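A.B. asks: My questions all concern the structure below.
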Amino acid sequence: GDSVTQMEGPVTLSEEACLTINCTYTATGYPSLFWYVQYPGEGLQLLLKATKADDKGSNKGFEATYRKETTSFHLEKGSVQVSDSAVYFCALGGNQFYFGTGTSLTVIP
Amino acid sequence: GAGVSQSPSNKVTEKGKDVELRCDPISGHTALYWYRQSLGQGLEFLIYFQGNSAPDKSGLPSDRFSAERTGGSVSTLTIQRTQQEDSAVYLCASSFSWRRVPDEQYFGPGTRLTVT
């Protein structure tokens, strides 16, 4: 069945460091892929999405490219900020919705 | 408001009692999901409603859990004879689905359930 495998955390980075959070998926058909973010004390919110192969989603300096050949949707940011500290969830939307287990990111000044 | 709302925001109950959690999805959204998020854990899928189709109940952890969605809008998640392990944040999300392919989900703020 469909599933999402996400890099386990926690991840701790210094401000302005590069970030990559790996996400791979297994799916039949042509799912959409999403990254959700949960800031401390807040609810989940959509960060970015891609609906077909080779699409790049981007928002707030984060990017992720839908790679069908490697079945991946890695989240990247070139320079993280303290305010990016949160839990990040990769998700797949096909016949159903599947979430990864989440990766906690802490950015230190 | 235009977002997904959930009530109550917090619920403390004694072990063995029944609880009802409510979700008001975004108007016009045909898909509604319930998830459970335990402390420091990811999202555990519970149940999924899509339009008038039979719900996908494959994630419900036991027969103490049930959910209904009336009129294709408001949903209620009921937990009977609550146990301490039911303590978690219960999240509701809705989306506008086209041809059963889920679109992005919009989450409510959650209900924090504590079973004492």
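The values are calculated or read from the model by the stated rules, or taken from the named source; none is laboratory data. Predicted model, so just to flag it, every value in this text is computed and none were measured. Heads up, the Cβs are rebuilt from the backbone with ideal geometry, glycines too, and the neighbour counts pull from every protein chain shown. With ligands, DNA and RNA removed, areas are computed over all heavy atoms of the protein, side chains included. Shrake-Rupley method; radii C 1.70, N 1.55, O 1.52, S 1.80 Å.
A.B. asks: Please tell me if A:E16 is open to solvent by 50 Å² or more (accessible area, probe 1.4 Å), within 11 Å of another protein chain (Cβ to nearest Cβ), part of a loop (DSSP other than H, G, I, E, B) and not hydrophobic (A, V, I, L, M, F, W, C).
C.D. replies: no
A.B. asks: Here's something else I'd like to know. May I ask you to verify whether B:R81 is open to solvent by 60 Å² or more (accessible area, probe 1.4 Å) and at pLDDT below 90?
C.D. replies: Spelling it out, it is not the case that B:R81 is open to solvent by 60 Å² or more (accessible area, probe 1.4 Å) and at pLDDT below 90.
A.B. asks: Counting only residues that are more than 20 Å from A:G102 (Cβ to Cβ) and of a type in the set (S, T, Y), which one in the stretch B:21-53 is farthest from the other protein chains (Cβ to nearest Cβ)?
C.D. replies: Per the stated criteria, the residue is B:S27.
A.B. asks: Residue by residue through the stretch B:4-22, note down the ones that are closer than 24 Å to A:Y88 by Cβ and either of a type in the set (D, E) or under 10 Å from the mean Cα position of the chain (by Cα) (or both).
C.D. replies: B:Q6
A.B. asks: Something else now. When the residues of the stretch B:84-111 are narrowed to those that are within 8 Å of another protein chain (Cβ to nearest Cβ) and among the aromatic types (F, W, Y), which ends up surrounded by the most Cβ atoms within 10 Å (Cβ to Cβ)?
C.D. replies: It comes out as B:F107.
A.B. asks: Kindly provide the set of residues from the stretch A:19-46 that are small (G, A, S), surrounded by fewer than 17 Cβ atoms within 10 Å (Cβ to Cβ) and under 19 Å from B:A93 (Cβ atoms), ordered by number.
C.D. replies: A:G41
A.B. asks: When the residues of the stretch A:55-90 are filtered to those that are closer than 18 Å to A:Y39 by Cβ and of a type in the set (S, T, N, Q), which remaining residue is most open to solvent (accessible area, probe 1.4 Å)?
C.D. replies: A:S83
A.B. asks: Hey, another quick one. Which count do you get for residues in the stretch B:6-57 that are open to solvent by 20 Å² or more (accessible area, probe 1.4 Å), over 24 Å from B:D103 (Cβ atoms), touching a residue at least 60 places away in the same chain (Cβ under 8 Å) and of a type outside the set (A, V, I, L, M)?
C.D. replies: Of the residues in the stretch B:6-57, 10 are open to solvent by 20 Å² or more (accessible area, probe 1.4 Å), over 24 Å from B:D103 (Cβ atoms), touching a residue at least 60 places away in the same chain (Cβ under 8 Å) and of a type outside the set (A, V, I, L, M).
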